[in-house]
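Notes to accompany the following structure.
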Amino acid sequence: MGKALVVYGSTTGNTETVAQVVAKTLEGEGMEVVLKDVAGVKPGGLADGYDLVLFGCSTWGDDEIELQEDFIPLYDGLDAAGLSGKKVAVFGCGDSSYTHFCGAVDAIMEKASELGAKVVDLPLKIDGTPDEAEARTWAKNVL
């Protein structure tokens, strides 16, 4: 069915949990999946060899959108990742009491689209504790 890359940045563990659920769901649907913590990736050629790239990032900040700290270098270098023509989906966890609820998800999705990625499905934005059923359903819809 294809090969997917799931890259996530997580501080509290919520986005990591969602990334694991998404990866397992995609595998269950027949995809070969590589799951990576963003702290261990470099932007250059990141998407090479993958049919689908999923980015997961939590959001911080009330006055402005702040990406999860380990995700910032990837975001800043996303133009080198080779996203043009690739299917991309974005997910993240946040807190709806903040002004920019899951704003990192929107920022990543917008940048990927500007770089020529084919953004598939709506982004998954989870408020607070991850809902694993919601993550599984979203992952299946991404396919």
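The values are calculated or read from the model by the stated rules, or taken from the named source; none is laboratory data. Because the structure is predicted, anything quoted here is derived from the model rather than measured. Positions of Cβ are generated from backbone atoms using ideal geometry, with glycine treated the same way; all protein chains shown enter the neighbour counts.
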Residues of the stretch 78-89 being touching a Leu at 6+ places or on another chain (Cβ under 7 Å) and not hydroxyl-bearing (S, T, Y), in sequence order, are L78, D79, A81, G82, L83, K87, A89
### Query
What about G40, is it within 16 Å of A89 (Cα to Cα) and among the small types (G, A, S)?
no
Expected single match for of a type in the set (F, W, Y) and over 19 Å from K24 (Cβ atoms) among F55, F91, F71 is F71
So, first residue of a type in the set (D, E) in the stretch 32-50, second residue modelled with pLDDT of 95 or more, Cβ within less than 6 Å, six or more apart or across chains; the pairs are E32/K3; D48/G82
Flagged in the stretch 123-143 as closer than 28 Å to S84 by Cβ, more than 12 Å from the chain's Cα centre (by Cα) and assigned to a loop (DSSP other than H, G, I, E, B), in numbering order, are L143
With the first residue restricted to the stretch 120-141 and required to be farther than 13 Å from A23 by Cα, and the second required to be in a loop (DSSP other than H, G, I, E, B) and hydroxyl-bearing (S, T, Y), Cβ contacts under 6 Å at 6 or more apart or on different chains are D127/S96
Pairs returned, first residue in the stretch 87-108 that is in contact (Cβ under 8 Å) with a residue 60 or more places away in the chain, second residue that is part of a strand (DSSP E or B), beta-carbon separation under 6 angstrom, 6 or more apart or interchain, are F91/G56; F91/L124; G92/G56; G92/C57; C93/I126
Taking the stretch 63-107 and keeping residues in a loop (DSSP other than H, G, I, E, B), at pLDDT below 95 and not polar (S, T, N, Q) leaves D63, E64, I65, D95, Y98, H100, F101, C102
Of the listed residues (A117, A104, A135), the one being over 20 Å from L46 (Cβ atoms) and either buried (at least 17 other Cβ atoms within 10 Å of the Cβ) or touching a Cys at 6+ places or on another chain (Cβ under 6 Å) (or both) is A135
Pairing a residue in the stretch 5-26 that is within 20 Å of Y50 (Cα to Cα) and buried (at least 20 other Cβ atoms within 10 Å of the Cβ) with any residue that is modelled with pLDDT under 95 and among the small types (G, A, S), where Cβ atoms lie under 7 Å and the two sit 6 or more apart in sequence or on different chains, gives G9/S58
